[in-house]
Amino acid sequence: MLSPRPPVISLLALMVAASAGAWGETSTEQAPDTEKIIVIGTTPLPGTGIDIDKVAGNPQTLSAADIAREGSPSVIGALSDQLGSVNINDDLDNPFQPDILYRGFEASPVLGTPQGLAVYQNGVRINEAFGDAVNWDLFPDIAIDRLDVVSANPVYGLNALGGAVILTMKNGFTAEGGDAELSGGSFGRRSATAEFGANSGIFGVYVAARALDEDGWREFSPSALRQLYGDFSVRSGKLSLDLSYTGADNRLFGESSTPVQELAVNRALIFTTPQSNFNQLNFLTLNGTYAATETLSVQGDVYYRAFRQSVVNGNTTDFTACTGGSGLGFLCQSDGLTPAVTATGTMIPDISKGGTIPIGENDFESIHSIGAGGTLQATSTAAIFGHDNHFSIGGTFDRASTGFESTTELGTINSALAVGFSGFFDDTPENTPFSATPVNLGATNTYYGLYATDTFNVTPELAVTASGRYNVAQVDLADRLGADLSGQNRYSRFNPAIGFAYKILPDLTGYAGYSETNRAPTASEIECSNPLIPCLLPSSLASDPPSLRQVVAHTYETGLRGKFALPELGDGRVSWNASLFRTDVDDDIYGVATSLSTGFFENIGATRRQGAELGIRYADDRVSAYANYSYIDASFQSALTLNSPQNPFADANGNIQVRPGDQLPGIPQQRFKLGADYHIVTDWVVGASLTLVGDEFYRGDESNQLPAVPGYALTNLHSTYQVTPAVQLFVTVDNVFNAQYANFGVLGDPTGVGAPGIPPDATTDGPGVDNRFLSPAPPIAAYGGVRVKF
């Protein structure tokens, strides 16, 4: 465990003193106004922004160069290695489908994960319509011009409980020229990437594409990415237009968590397969800005988004050989008495041969969402009574229709733990004690938002920002096979915010703020909120009593940021930040696991994420370096009883008791990130990054009674060499010291499938059984390539 505070306090005092000293030594040769002003957007729409010194928060930015720092551009790698309070959970165990956590709030591709971050691309919120999931594989990283991570702000709408991630894509005016890249390396990775941008002064065009294939380091874990991004731009006097397209056709296999006893045999082993996600996207956006006067402008966007996902999950099953009566020789539900039947009413034969052959189920899921909407905003930068002022007001409309289907096929499990395709699809109707299958649901989400934000300079040093947004979420559900899933759900709330930023010295700014944000329950949560009928997550739904309440977050934040020079080190400058934050969440929605693959959602009362961030960055012509430390205390604030039958401390009913102050699983308290790049010669750069991550608790151990998932240290190296002005070579070595670690853990039942390392006669929760599952991180890996500019 990292030791937090005395070093942090000492370093902060030194940085404040250095900033004050730098101010005292300011001369005409080092005037602050000669430096580039960092501008942060005040809303998700491109085209507006204010000086970062007026922002009452701690925004973090990655440029295109930062994203490509280690060679081939990787937004996931850059977020993981370079930004404070960000960590990665490999829930799905696929390198292109991580859970991204910021201050303990998630943006995840896993349906059913409580989504606490809003993610925007060119001003459009790209949390998917069904489940608010975020699929990080759907855009080519090379096409990102800038990424901003901002803390909680109501202007960013639904899901911005912890904050928002803003992706600004390239166009023919911001990315002129072209390059092509070929790369490859460990685990059979081979990749080709290209981009080209040009403009005539009025018209611009940009296109980027990536094709990547990888065999994967674990069994049955290949990936195939096909991504395309294009932008056509117009810049004509007062008018700016961008028509962009994002397309993807990806095939991803992530084998998820595996029992620790099996990983002890071989870390590449898996626990039940197949586990696949096929994602397809067609996403069209039109952005526009019109400058009516020097101080008044109008911004807007409209979009069309079609997303299709097909999932196959090979799982263990509760179906079993019938124990008596006319069912002998057939399969039954978990009670051993209710026959399992197909859609024609035919009883399914006992493919387990009386329980002598392990059986499982393949759960098929299909999501097809079509959404459209837009935003209209007006911005004024006119002074008020001689004081600088920046005001924006806007409205949003988003509507999406989703078709969700799932089916369950029973099959035997072979020695490779693969569930076979038998052709026997179970048909369990609604209004039984068992999960209904198949499921066919229609969901329509309609979201309205009205927002305003104003930053007013009370004095040249003091900026006050007041913001507010009114959200309305309507979630209408239509059961296409019955009536249990049908219903209408409406949520609304006004969220305010107030913040102050004060320029204490020319190179030292303090800030403080308060904000409220909310998220509405998703269709998948609403339909899986009945504790009497747990759902197979994420592949089946059950019914929608009782009603879930919307989640509301209250965030308090204060901090300092500054900059100073270190002439003895060179011509570069040091920038730094330090912040404290607390987010109190009311009526948090939590996925209660009743097994490794089943559970339900419920409002669990209050939770809290609070902590501290400290970052420092230095850059000159030869050296660039950064260090980030974050402490995040994520805890339950309400006493509650949770069902966790695989927890060895559970009572006779399979329940554990959670006390206020117990830590939320999957969120390490401490992270330290350090990185540096050095120009050995002008054309040769070498660099390294070190990430230290503290312990985290297993999902299913919300009472914090089991030993935590151990923390880890990860070291990566990289180098680039400019052979000619047009040709660059690069190489990256990840996990240089081959650390064996995991960044996600969950409790489950490893028995009944013949998994390696599990005693062959083991029974659920029996002697010699370890119910801990881990998502193992990859071993040492090397990648290299060549990039050619044209």
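Per-residue ellipticity at 222 nm for the chain, helices alone: DSSP H runs ≥ 4 residues times -39500 (n - 2.57), over residue total, nearest 500 deg cm²/dmol? Before the final figure, lay out each step's value.
Numbers: 5 runs with 40 residues, N = 790.
Value at 222 nm, helices only, nearest 500: -1500 deg cm²/dmol.
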- request: Round to a whole angstrom and tell me the spacing of the C-alpha centers of the range 221-243 and the range 553-583.
  value: 33
query: Can you give the percent of C-alpha pairs in the range 37-137 whose distance is more than 19 Å?
result: 50
message: Positive end of the dipole of the chain, charges at C-beta (+1 Lys, Arg; -1 Asp, Glu), about the Cα centre: which of Tyr102, Leu569, Leu281 has its Cα farthest in that direction?
response: Leu569
query: Over the alpha carbons of the range 158-235, what is the largest minus smallest coordinate on each principal axis, giving the biggest first in Å?
result: 51, 39, 14
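As an exercise, use a Förster radius of 56 Å and the Cβ-Cβ distance of Asp145 and Ser334 to find the FRET efficiency, rounded to the nearest 0.05.
Numbers: r = 53 Å, r/R0 = 0.94.
With a Förster radius of 56 Å, E is 0.60.
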field: Extended-chain gain in nm, criterion 0.36 nm per residue less alpha-carbon gap, Asp765 and Lys238
entry: 182.8 nm
message: Using only the alpha-carbon atoms, how far is helix 5-24 inclined from the longest principal axis of the chain? Give it as 0 to 90 degrees, nearest 10.
response: 20
For the range 669-735, alpha-carbon Rg and Dmax in angstrom: 18.5, 59
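Using only Cα atoms, what is the ratio of the radius of gyration of the chain to 2.2 N^0.38 Å?
0.96
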query: What share of all Cα pairs of the range 229-290, in percent, falls into each consecutive 10 Å distance bin?
result: 18, 25, 17, 15, 14, 9, 2
- request: State the number of lysine pairs found in the chain whose Cα atoms come within less than 27 Å, restricting to pairs 8 or more positions apart or on distinct chains.
  value: 15
- request: With +1 on each Lys and Arg Cβ and -1 on each Asp and Glu Cβ, and nothing else charged, work out how big the dipole of the chain is about its Cα centre, in Debye to the nearest 20.
  value: 1220
- prompt: Can you give the Kirkwood hydrodynamic radius of the range 351-425 from its Cα pairs, in Å with one decimal?
  reply: 17.8
query: In whole percent, what relative contact order does the chain give with Cα contacts below 8 Å and a gap of six or more residues?
result: 12
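Please state, as a whole number in µm²/s, the translational diffusion coefficient that the Stokes-Einstein equation yields for the range 349-505 at 10 °C and 1.306 mPa s, with Rh defined as the Kirkwood radius across alpha carbon pairs.
On the way: Rh = 20.8 Å.
My calculation gives 76 µm²/s for D.
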message: Quick check: pseudo-label points 7 Å beyond the Cα along Cα→Cβ at Arg251 and Asp695, how many nm apart are they?
response: 4.3
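Would you mind calculating the gained length between Ser422 and Tyr678 on full extension (0.36 nm times residue separation, minus the Cα-Cα distance), in nm to one decimal? Show your work: numbers first, answer last.
Working: separation 256, 0.36 × 256 = 92.16 nm, distance 5.79 nm.
Gain on stretching Ser422 to Tyr678: 86.4 nm.
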Charge dipole (the chain, unit charges on Cβ, about Cα centre) - positive-most of Tyr631, Ser380, Ile498: Ser380
task: Over the range 146-195, give the accessible area per residue in Å² for a 1.4 Å probe, as an integer.
output: 26
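About the Cα centre, and with charges only on the beta carbon of Lys, Arg (+1) and Asp, Glu (-1), how big is the dipole of the range 427-521? Nearest 20 debye, please.
Working: 6 positive and 9 negative charges, 49 e Å.
Computed charge dipole of the range 427-521: roughly 240 debye.
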- prompt: Using bins 10 angstrom wide from zero, how does P(r) for the range 547-654 break down, in % of all Cα pairs?
  reply: 12, 26, 22, 17, 13, 8, 1
FRET efficiency, 1/(1 + (r/R0)^6) with R0 35 Å, evaluated for Ala606 and Ala378 via beta carbons: 0.40
statement: Per the charge dipole of the range 337-453 (beta-carbon charges, Lys/Arg positive, Asp/Glu negative, Cα centre), the residue among Gly395, Ala418, Asn431 reaching farthest to the positive end is Gly395
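Please report the orientation-averaged projected area of the range 101-153, defined via the convex hull of its C-alpha atoms, in nm².
Values: hull surface 16.1 nm².
That works out to 4.0 nm².
The values are calculated or read from the model by the stated rules, or taken from the named source; none is laboratory data. This one's a predicted model, so the numbers in the text were calculated from it and none came from an experiment. Virtual Cβ from ideal backbone geometry, glycine too; neighbours counted across all protein chains shown. SASA here: full protein model, heavy atoms, side chains in, ligands and nucleic acids out. Shrake-Rupley method; radii C 1.70, N 1.55, O 1.52, S 1.80 Å.
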